[in-house]
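FYI, it's all coordinate maths here, none of it is from the lab. Just so you know, these numbers come straight off a predicted model, no measurement behind them.
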Amino acid sequence: MSTANARAIRQLLAFCVRPGECELPANEAEWDALLPLALAHGVAPMLFANLRERVLPVRARDQLRLVYLSNSFRNEKLLAEQHRILDAFSKKSLAAWPLKGPHLSEHLYGDPAVRQVADLDLLIRPEDLAACDDVLHSLGYARQAQGEIAELRGAGELLYLKQSQPEELSKDRERFVGHGFNRVESLAPGEAPSGASAPEVPASGPLPTFAVDLQQRVLPYGQRDPLAGRIRALGLTPENLLLLLCVNQIAHRFARLKYLLDVAACLRKLPGNFDWKNFTATARLLDFTPGIYWSLAWARAVAAAPVPESVLETLRPGWFSRKLAARALGADPVAPLARGAALDGPAGAWAILVCTRPGLAPLRQFWSLLFPPSATLRQEFFATPNRPILYLYLARLARKLPAALRPRKQ
């Protein structure tokens with residue numbers, strides 16, 4: 001972890017948490033370095049929302065405003081598409097629970113444009129998988145894991161993609177021009193604007209896509225998933241939503257700022273009757289109890305999120321687990337954020353394991369990390385059903401091995 005990268009992360013964190021108090025970059029070169037980082041961490045639209053009243057360089061303001069507007073239009077489309085899918089499911093008497101979709105931005109931040117969303121996450125009942133698959137295909141979605149749906153029931157989630165229509169891109173262009181941009185591009189989440197001027201929509205080429213994650217489970221690894229059962233039974237209650245956001249931060253190895261801010265924002269939105277006893281009892285049933293502790297503790301540390309000390313004491317891991325976590329993640333939340341993509345490989349697997357409670361749970365997680373379901377591999381490599389699973393595991397090993405052999409950056 002470089003000192004410069006950690007400094008930039010701290011600066012970005014200050015813009016998101018204390019925008020009125022922080023010192024802005026002194027020149028455009030600093031802004032040029034900061035904006036791609038903000039996009040990579042999913043907080044560029046939030047930067048514009050937080051800093052729009054302050055004096056910014058013209059180019060930086062235009063780029064942030066472009067990302068904010070692009071994200072606003074994208075979230076608007078995603079929300080309409082989510083309603084369309086849920087309505088189609090309802091007509092077939094299929095239940096689905098939207099998880100971290102476009103509605104979350106309005107709920108957590110009071111602004112539908114602030115939170116970058118990559119896809120629509122829909123939790124379904126396992127017995128409804130085939131019927132939901134049929135509905136999505138009827139709506140124009142293509143499943144990325146090829147083969148008969150009956151052979152893919154072991155997958156925790158299945159990804160579906162659908163291209164936007166050309167006329168939608170034309171409407172986007174008109175809307176951007178109406179906001180003062182002569183040349184614009186529909187920016188995908190995590191994509192950084194480049195160049196001195198606003199980017200341009202290509203006359204031809206691939207169109208933006210809608211992505212749907214059809215999930216049979218919520219926890220990312222292993223087989224035990226009490227949280228999915230609770231959501232199906234009770235919906236996204238405040239207690240279930242906070243657990244979901246904590247688990248989401250763990251699944252992303254604490255490596256993206258967006259997920260830390262989601263937890264902090266959710267904590268600030270908790271109703272007065274929030275049931276902490278129920279929350280901690282459920283958290284202790286999950287394999288990720290230590291990770292939930294770190295998620296809450298770091299949200300309180302960096303964003304003054306209201307977490308009772310008694311809750312942290314109840315969830316606090318033992319001395320040895322805390323030492324392992326400090327080694328894998330770092331001493332504070334900036335450490336994993338600054339390492340970013342370095343936590344995608346084996347270092348990230350180690351981070352997941354130290355967020356898992358002792359006992360058999362780490363063995364279940366380790367096995368799932370080494371040998372993910374065949375459907376997951378088919379999605380990853382766009383493999384046809386006749387491609388041997390052993391080949392896919394070897395291909396995955398070849399992809400991961402360079403990261404495993406690379407020296408760890410501190």
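Using Cα centres only, tell me the gap between region 241-312 and region 1-53 in whole Å.
Each part reduced to its Cα centre gives a spacing of 24 Å.
Kirkwood Rh and Cα-based Rg: tell me the resulting Rg over Rh for region 1-116, rounded to two decimals. Walk me through the numbers on the way to the answer.
Details: Rg = 17.2 Å, Rh = 15.7 Å.
Taking Rg over the Kirkwood Rh, I get 1.09.
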